[in-house]
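Single-structure report; data block below.
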Amino acid sequence: MYVYRLICILMIICHSTFASYKTLDSEGLKLRWFTAFKVKALYERVIPESPIKNPKATWVPVLEIYYHTKNFEEKKDCLIYFTPGNNKLGIIKVIELKTNQKCKNHIFNSSLVMKKNIFNFNFRIEKNLLTLFSDDKSYQYKFNSDRTKLSLGIVDIGHNGLKLKKGEVCSFLDDDCKVVRSHTCRSCHDGLFTELIGSACLKAYKKVCGNIECGVKGNPACIRGFRAISFDSMNYCINDSPVAFCRDKSRVICINKELVCR
Amino acid sequence: MLNISRFSISKIIVFLFVAIVLPVVIWYFFFIPELNTQDQKHSISSATYKFIHDLENRYRRGDFEGRWKSNKILCSDIPFGSKGINTNFLRCNPVFLGCVFNREFKHINPIYNIGEFKFKVEKNTMESIKRGGVKFKVEEELTKTSFWVKFENSCRSVNLPENKYLSTFGDEEPWDSYNRKIKIDKYYITNWDITNRYKNNFTYKSLDELKPSIEINTELKKQFCKKEGGQLVSAHVFEAATMFPIGNYINKNIIPRYSWGKKSKKNEIKPTPELCKKMYIKGCSEHVPLNLFQENGVSWIGIYNALGGEIEVFDNEFSKGEVYKLSSKYFSVESKWHDTRVKSKKLINFPRKRGEDIGAAFRCMFID
């Protein structure tokens, strides 16, 4: 019995000593989030100075923190909170996901950080500072949000993200400006992309991976713009469309809703 | 036969614990720099933040104290003085950053020590990234952590405002830049950019490396800009960046001739120091030297050599082939080429000194 107690104490000491992420105030977590370039609040019912309570006894996604890894790949951490209720106390969890994974679908993934037995929890984001309030403690995380877009990779994930091939669509809004493909042009090989007219949306042009010369036969037509002349954008998809042009003797043709030179 | 009792096994375990494990635990808690207490005035993340912030400030602002200009600072990788170069060239300059990493500037070295933390960067970890930026590895001695940092080159280009513009090419083609983030280089691409940048050779051999690259053909110029993640500046974009903005252009004739807007008759202006600042043309060398990276010929959006300076080549999407801005230091004040609305399809004969090798300079643009 005496020996078993000693072994248990030893295991507890080792566990608390060698874990580098397990707590919200660990330097490992602070350094990891230091490289954050985007923080998204998922819980919209935040009331300043007031703890998150509803819905009771439920896991709610609270924050998404997007950061860069060692190879400047993008990852995100989800901070989720189990609200107190039904005689259970609150729990904070931080889980690591890919940027295209939804937090609410991965609530029961193994956590990077967990804090239990919480009565009150809230957060605040100001400029480049995130503060988490948990009962009588607060945890601050500074983000490096310098305007020159400094990237600071610390955590080594050990694999490269999926690269998109030349010609693959990396950003696209349809005629009603609904997102068909969210902007993932950073995943293009070499990060290069070309704009072309592929819908009537005035907010953004379609983007495909690769640096493709516009206006030559067989390639996308060069963009003149929807506002350069008075023209109804909804009718853009016609031959000789005035919102685009070709360099050589080829014509602007609309194929599969894209303006190309043929 | 060895007869070890239960009590002996317990003794052995206790002995192992005291002799081996306990000292390790005590050593870890008391002798390794503690990362998990909140007693430190500067945590590693605060120190990292300050160091990166100070380093980036230096990278972006270069020699803002003016010490290099007065030849008060020297770097082994920059073997020439300040004569003939504007100090702007040190801004967002990876060679200058390499000198900072080699700790060749005493007045900058204090940024490496923050509290008990000591940061270090090995210059041989530097690598060029697209658009003239650079990445490098930082090490911290106390915590024995290391991480990579990427600095983007925010000095090189300016944004073309989103607007409707008129191109003078073809049938005076209108176009707009709405929802397109177009950035244009302020300065010409240099010889060093072509030969050294992507070889990660962060050193200068001579002043010639800082001169505009005019020796390579147009195809190589296009390839370089593509490698940078952009493209050779289009002629109509250069026009939009340099023609004086007067609102909606109806036709080419109402656009002012000069990039600073004044509509002047032919013989009204002469090469004076004031004019040479607006466009560096033939005759200006008698008044003021043409320094590299000088802020001559600034346009309304902030690019240089809108008129004057070097002959420049552009891509031309509205008609086939490239076009040239002939307005340069080779043509005198009365020349028709000193006009933002006028470009040439050819590099035509023009006056030049015997033996002087003249080609066209270039710059890149980026569309995000």
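The values are calculated or read from the model by the stated rules, or taken from the named source; none is laboratory data. Worth saying up front: this structure is predicted, and the values here are computed from it rather than measured. For neighbour counting, all protein chains shown are included, and Cβ atoms are generated from backbone atoms with ideal geometry for every residue, glycine included.
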List the helices (runs of 4 or more DSSP H) that sit entirely inside segment B:174-265 and contain at least 3 residues that are under 17 Å from B:Y324 (Cβ atoms) and at pLDDT 90 or above.
-> B:218-227, B:235-242
Residue selected from segment A:167-219 under the condition closer than 28 Å to B:I129 by Cα, assigned to a loop (DSSP other than H, G, I, E, B) and charged (D, E, K, R), by the criterion nearest to the other protein chains (Cβ to nearest Cβ) = A:E213
What are the pairs, 6+ residues apart or on separate chains, where a residue within segment B:133-155 that is within 8 Å of chain A (Cβ to nearest Cβ) and free of Cβ contacts under 8 Å to residues at least 40 places away in the same chain has its Cβ under 6 Å from a residue that is of a type in the set (S, T, Y) and surrounded by fewer than 19 Cβ atoms within 10 Å (Cβ to Cβ)?
-> B:E152/A:T148
Among the strands (runs of 3 or more DSSP E) confined wholly to segment A:37-134, which include 2 or more residues that are over 30 Å from A:D190 (Cα atoms)?
-> A:59-68, A:74-82, A:90-97, A:113-118, A:121-126, A:129-134
Are any residues in segment B:198-257 in contact (Cβ under 8 Å) with a residue 40 or more places away in the chain and on the phi > 0 side of the Ramachandran plot, and if so, which ones?
-> B:N200, B:G229
Among the listed residues B:E65, B:E56, which satisfies the condition of being closer than 30 Å to B:V138 by Cβ, out of contact with any helix residue (DSSP H, G or I) (no Cβ under 8 Å at 6 or more places or on another chain), modelled with pLDDT of 80 or more and in a helix (DSSP H, G or I)?
-> B:E56
Please find, within segment A:34-81, the residue that is nearest to A:K115 (Cα to Cα) out of those that are hydrophobic (A, V, I, L, M, F, W, C), within 14 Å of chain B (Cβ to nearest Cβ) and surrounded by fewer than 21 Cβ atoms within 10 Å (Cβ to Cβ).
-> A:F37
Determine, yes or no, whether B:C99 is in contact with a Cys (Cβ under 6 Å, 6 or more places away or on another chain), modelled with pLDDT of 85 or more, surrounded by 16 or more Cβ atoms within 10 Å (Cβ to Cβ) and assigned to a helix (DSSP H, G or I).
-> yes
Is it the case that A:I157 is surrounded by fewer than 21 Cβ atoms within 10 Å (Cβ to Cβ), more than 11 Å from chain B (Cβ to nearest Cβ), modelled with pLDDT under 95 and in contact with a Ser or Thr (Cβ under 9 Å, 6 or more places away or on another chain)?
-> yes
Condition met for A:D175 (modelled with pLDDT under 95, under 28 Å from the mean Cα position of the chain (by Cα) and farther than 24 Å from B:F366 by Cβ) = yes
Among the residues of segment B:1-34, write down those that are at pLDDT 70 or above and not aliphatic (A, V, I, L, M).
-> B:S8, B:S10, B:K11, B:F15, B:F17, B:P23
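Restricting attention to segment B:162-208, which residues are small (G, A, S) and away from chain A (no Cβ under 14 Å)?
B:S206
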Select from segment B:130-153 the residues that are at pLDDT 90 or above and assigned to a loop (DSSP other than H, G, I, E, B) and write down the one among them that is nearest to the chain's Cα centre (by Cα).
-> B:N153
Within segment A:220-249, work out how many residues are assigned to a loop (DSSP other than H, G, I, E, B), at pLDDT 90 or above and surrounded by fewer than 18 Cβ atoms within 10 Å (Cβ to Cβ).
-> 4
Near pairs, Cβ below 6 angstrom, 6+ apart or cross-chain, from segment A:235-252 (closer than 13 Å to A:V216 by Cβ) to any residue that is of a type in the set (S, T, Y) = A:V252/A:S241
Members of segment B:131-152 that are in contact with a Phe, Trp or Tyr (Cβ under 9 Å, 6 or more places away or on another chain) and closer than 30 Å to B:I303 by Cα | B:R131, B:G133, B:V134, B:K135, B:F136, B:V149, B:K150, B:F151
Under 20 Å from the mean Cα position of the chain (by Cα), within 14 Å of chain A (Cβ to nearest Cβ) and surrounded by fewer than 17 Cβ atoms within 10 Å (Cβ to Cβ): does that describe B:N159?
-> yes
Matching residues in segment A:178-201 (farther than 16 Å from B:D368 by Cα and surrounded by fewer than 19 Cβ atoms within 10 Å (Cβ to Cβ)) number 4
Residue check for B:K120: assigned to a strand (DSSP E or B), free of Cβ contacts under 8 Å to residues at least 24 places away in the same chain, surrounded by fewer than 19 Cβ atoms within 10 Å (Cβ to Cβ) and within 14 Å of chain A (Cβ to nearest Cβ) = no
